[in-house]
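Read-outs: derived from the displayed coordinates by stated rules, not from any lab. Computed from a predicted structure; not experimentally measured. Glycine gets a Cβ as well: all are built from the backbone with ideal geometry, and neighbour counts include every protein chain shown.
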């Protein structure tokens, strides 16, 4: 009664996690990492295959003649144009165009969709569905989910999958069987590498975990916690709710809220789509006037960082994991924004950050400075605004 | 510019040659790099000797690849990935093992199991060595000044070195002075009591030298191992994706992107000298290439005794180069396996397979191995440093199969009676039977094996004497002595002719520093 929820994989993951560093995620606990250092899990994402328990994602099935209409109205994407088997990533807003949440929409059939979200969304879905012929059900606990990410993920899945995934395109899904169990596999993920997410009945979770671990044995499969994934997602330029932006429903003041344009999600806002959608007017206005803020990538210059540390006789001290702390970003001595997540990137050998910068400082190539604390002194390291993703291997979309 | 007319010609597409060529091209020079073999990489090279099994044939780990080179040449963009090599396990004769893991507490527990006293000493030792490494590290990226010279450049260099030395505490200075003169066995005796721990640590002090753990000077080589650790998150040590050939491939890709012309199957005959200065290179096929700058990234003997006629170089310089010690002392056995070797000390597949496995049960074991080498024999019970690259990078072998890289010391270049096929086979057999003592199933797993003697290193990679560092890391062959007194600044007595490979400061390893520093010297001279 006083326990947080455990995912259906807990029986395996709890035995595998050496540090037992459980992290909270939407009412569940999941492994922070399995090894004592993150190297192996991180490099599995970038060079082999990482198996990640993503069950805590909120999942909803939206079904009925008006299902497409509901999601078309609730999100800024043109859901009416979506093909069956397609997956959309999107944020969604309140009527002021401020982001409430973000997630994926999967079109399972003409009249059936699955929505994932970070926040409980039943109420918001129901409010938007007034007068529509649609049923909404939450399936978070019934549908277990694993993410298999990394260059070897396809090879491993093909070994246990009833049909080959070679033709499955980026952001498409397929219904198939894995080790005899009916599953949905989408070519999606949170790492910016080749990867798939497997959606399965919760009571078959352990069967599939074991089947994947076995299939991946010769391909370097590694159970991976959310700490290593956190590094990879920054390299992929992907942000996280309540870390890189505050959900409008959690914001106390207007300044804490963000819009899709400010978050770099302009490409998801289909202003040319027919009809009303929540936040349309505000987003049209922002599109015309330009955004005041933008989430961008920052590359911290290593030489500059070395100089700051050398002044106290140290080599740069960068933790080998993603840091979720707000760091002021300066331009000519004046603060013009803040970094919300920073991380060392082992694959790029660069210190990188996601940062919210004010106009006009968010254009790529702009030179700014980010705060670093060197021996208890707050100093500023030179940094450059860059386009995201920081890292995008050629095989991600191929 | 006419065909075969360049700003600079680089001889040898080993990783240092590729680094130098890239830096010159980056500065706008028209550069060609000439490689004797059909592939680039030199001793940093990966080849598929048996179909499906890729061997990182000679060098097998990366430890000190310079961060500035990784950044300047954008090597990650060109495919460089350095994968973790998290542990070292020493199997013991009594069926137990000694492990060192990538977690401080685990290692401490492990050493404690063998010696509670050593467990405490281990922490302090690591700190002291890391601090000494940090103190000595700036010297790696420094051009050695000539202490006998009064030129402004050397005086400035000496001043810098002096200032630097003065910035160290007295304690640090004494520690460093001791480290460069001491034997690794003596150093380790001051700290530890558990013999396998001393044996394993001392092994890093003998790699690439023709010395034993009780020979003075080996403590310094040991220090090199700690240099990588102070880079923190930047860490450039580990196993390079695709083996060390992957490092060369990344640098070559960067070089091509910068406009470097890479010619393979282009062995060099002579450096062309006109009016007392380097003017180009004549290939063995008779082709002539012209440039005012010629940089050799070959070993010192080839660079100065083969490519250039003695008449163009001062006698004392030639004598120094002739006396430069390049005695090869190590070999490699690369093995293709159809299953993992099962080690008695830690049965089944486990973390030991993902790190280094060291056959170094004691200091005496290694010193005895050296004794045999002194008198022209390969060690009957050799020191072996094994890794299983396919456990770190799955693209090295077919699924379920493996490759194993065994670095073996000692195997003297000058073996009694000379190396022949029978001796090579016997050497390979000695290595397999040594491993067999600790992993009894190894022989059944072998599907192919490549045995490399120092003679083979010389023949294939073109390194005279087969010394993996192009010249031993002896005190009298380091810093301003490397490769010869007064000529440690990457310039040579022949104007226009430069030298930038492992035989120059700061030495061997897949580090790239000599290549970069040589390119810097050329650009500084206005080349």
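If the segment from residue B:284 to residue B:48 were pulled out straight at 0.36 nm per residue, it would be longer than the present Cα-Cα gap by 82.2 nm. Mark the label point 7 Å from the Cα of residue B:177 along Cα→Cβ and return the residues of the stretch B:465-483 whose backbone N is within less than 18 Å of it. Inside the label zone: B:475-476. For chain A, a Gaussian network of Cα nodes joined below 10 Å ranks A:281, A:46, A:172 by mean-square fluctuation, and the top entry is A:281. Taking a point 7 Å out from the Cα of residue B:155 in the direction of its Cβ, the residues of the stretch B:478-495 whose backbone N falls within less than 20 Å of it are B:486-489. Relative to the longest principal axis of the Cα atoms of chain B, the long axis of helix B:244-257 lies at roughly 30 degrees. Computing FRET efficiency as 1/(1 + (r/R0)^6) for residue A:331 and residue A:23, where r is the C-beta to C-beta distance and R0 is 35 Å, gives about 0.50. For residue A:377 and residue B:106, the FRET efficiency from 1/(1 + (r/R0)^6), where r spans their Cβ atoms and R0 equals 35 Å, is about 0.55. Across the stretch B:54-94, the residues whose backbone nitrogen lies under 18 Å from the label position 7 Å along the beta-carbon direction of residue B:459 are B:57-59.
The calculated FRET efficiency for residue A:207 paired with residue A:5, based on their beta-carbon distance and R0 = 25 Å, is about 0.75. Between the stretch A:207-233 and the stretch B:115-158, the alpha-carbon centres lie 42 Å apart. Just so you know, the Cα atoms of chain A work out to an Rg and Dmax of 21.3, 68 Å. Calculated mean residue ellipticity, 222 nm, the protein assembly as shown: -8000 deg cm²/dmol, from DSSP H runs (n ≥ 4) at -39500 (n - 2.57) each, averaged per residue and rounded to 500.
For the stretch B:377-434 versus the stretch B:460-490, the spacing of their alpha-carbon centroids is 25 Å. For chain B, the longest principal axis of the alpha carbon atoms and the long axis of helix B:170-181 meet at an angle near 90°.
Per-residue extension of 0.36 nm, minus the Cα-Cα distance of residue B:169 and residue B:375, leaves a gain of 69.9 nm for this segment. Among B:75, B:159, sorting on how many other beta-carbon atoms sit within 10 Å of each Cβ, with the fewest leading, yields B:159, B:75.
Classify the stretch A:293-395: rounded, prolate or oblate, from the alpha-carbon gyration tensor (a ≥ b ≥ c, eigenvalue square roots; a/c under 1.5 rounded; otherwise prolate if a/b is larger than b/c)? Oblate, because a/c is 1.5 or more while a/b does not exceed b/c.
With only the Cα atoms considered, the stretch A:72-124 has a convex hull volume of 77 Å³ per residue. Placing pseudo-labels 7 Å out from each Cα toward the beta carbon at residue B:186 and residue A:324 gives an inter-label distance of 5.5 nm. Ordering A:143, B:403 from the fewest to the most neighbouring beta carbons within 10 Å gives A:143, B:403.
Seen against the Cα atoms of chain B and their longest principal axis, helix B:15-26 is set at about 40 degrees. Comparing A:272, A:95, A:193 in a Gaussian network model of chain A, where Cα atoms under 10 Å apart are tied by springs, the biggest mean-square fluctuation is seen for A:272. With the simple spin-label model, which puts each label point 7 Å out from Cα in the Cβ direction, the residue A:163 to residue A:14 separation comes to 3.8 nm. Size descriptor for the stretch B:330-461, Kirkwood hydrodynamic radius: 15.1 Å (Cα pairs only, one decimal).
Site pair residue B:27 and residue A:267 shows an inter-label distance of 4.1 nm when each label is modelled 7 Å from Cα along Cα→Cβ.
The ellipsoid that matches the Cα gyration tensor of the stretch B:1-128 has semi-axes, each √(5λ) in whole angstrom, of 43, 19, 11, with the longest given first. With a ≥ b ≥ c the root eigenvalues of the C-alpha gyration tensor of chain B, is it rounded (a/c under 1.5), prolate (a/b larger than b/c) or oblate? Judged from the Cα gyration tensor, chain B comes out prolate (a/c at least 1.5, a/b above b/c).
Judged by the gyration tensor of its Cα atoms, with axes a ≥ b ≥ c, the stretch B:108-232 is prolate; a/c meets the 1.5 cut and a/b is the larger of a/b and b/c.
Our estimate of slack between residue A:177 and residue A:303, defined as 0.36 nm per intervening residue step minus the Cα-Cα distance, is 40.2 nm. In angstrom, the C-alpha Rg and Dmax of the stretch B:157-223 are 13.9, 43. Calculated over the stretch A:94-171, the projected area of the Cα convex hull averaged across directions stands at 7.7 nm².
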